[in-house]
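Peer 1: Attaching a single structure in C-alpha cells format; questions to follow.
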Amino acid sequence: QVQLVESGGALVQPGGSLRLSCAASGSTVGLASMAWYRQAPRKEREMVARVASDGTTNYADSVKGRFIILRDVAKNTLHLQMNSLKPEDTAVYYCNLVNRRGPYWGQGTQVTVSS
C-alpha cells in the first residue's frame, strides 16, 4: 500500500507563487510515474504535471512555463512549484502515484488564487 499526503495549499494573490509537496510512504516498488492533478468546482479532474520513473516530465498546456514538477527520490517526495498563478488555477490539487499495484491518490490540498 502507498499513502500520499499533500501540503502547501493556500490562498494566494494573482501573480504569486506557491509550492505544493506530496510525501509518499509505503511500498513504491515498481514506480511508473508521479503526478499532480487538479479539480476545480464543477469541472473534471485534469492532469497538471507528470514525472515518469526515468525523469521525463510533461505538463498541461495551461501551466507550461509557469509550473515545475520536481521529484526528490531520496525523500520520496513530489513537489509542484507554481509561479505566475492565475485565478483559473484555483482548484483542489491531488498527488498521484502509479506503480504496478496503483494508482494511488492523496486527499488533496486547496489552492485559491484571488485578490
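Peer 1: Would you pick out the residues in segment 29-50 that are surrounded by fewer than 18 Cβ atoms within 10 Å (Cβ to Cβ) and among the β-branched types (Val, Ile, Thr)?
Peer 2: Val29
Peer 1: Just for segment 80-103: of the residues that are open to solvent by 30 Å² or more (accessible area, probe 1.4 Å) and in a strand (DSSP E or B), which one is farthest from Gly30 (Cα to Cα)?
Peer 2: This residue is Val92.
Peer 1: Right, something else. Regarding segment 10-22, can at least one residue be identified that is touching a residue at least 60 places away in the same chain (Cβ under 8 Å), of a type in the set (Ser, Thr, Tyr) and in a loop (DSSP other than H, G, I, E, B)? Walk me through how you get there before you give the answer.
Peer 2: Kept after step one, since they are touching a residue at least 60 places away in the same chain (Cβ under 8 Å), are these residues of segment 10-22: 10-20, 22.
Remaining after also requiring of a type in the set (Ser, Thr, Tyr): 17.
With in a loop (DSSP other than H, G, I, E, B) added as a condition, the list becomes 17.
Scanning segment 10-22, I find at least one residue that is touching a residue at least 60 places away in the same chain (Cβ under 8 Å), of a type in the set (Ser, Thr, Tyr) and in a loop (DSSP other than H, G, I, E, B), so the answer is yes.
Peer 1: State all residues of segment 44-74 that are charged (D, E, K, R) and without any contact (Cβ under 8 Å) to a residue 12 or more places away in the chain; if no residue qualifies, say none. Don't jump to the end; show me each part of the working.
Peer 2: In the first step, residues of segment 44-74 are kept if they are charged (D, E, K, R); the result is 44-46, 50, 54, 61, 64, 66, 71-72.
Within segment 44-74, Glu44, Asp54, Asp61, Lys64, Asp72 meet the criteria.
The values are calculated or read from the model by the stated rules, or taken from the named source; none is laboratory data. As the structure is a prediction and not an experimental result, all values here were calculated from the model. A quick note on method: Cβ atoms are made from the backbone with ideal geometry, for glycine too, and the neighbour counts reach across all protein chains shown. The protein model used for the area step is the full one, side chains on, heavy atoms only, and it has no ligands, DNA or RNA in it. Shrake-Rupley method; radii C 1.70, N 1.55, O 1.52, S 1.80 Å.
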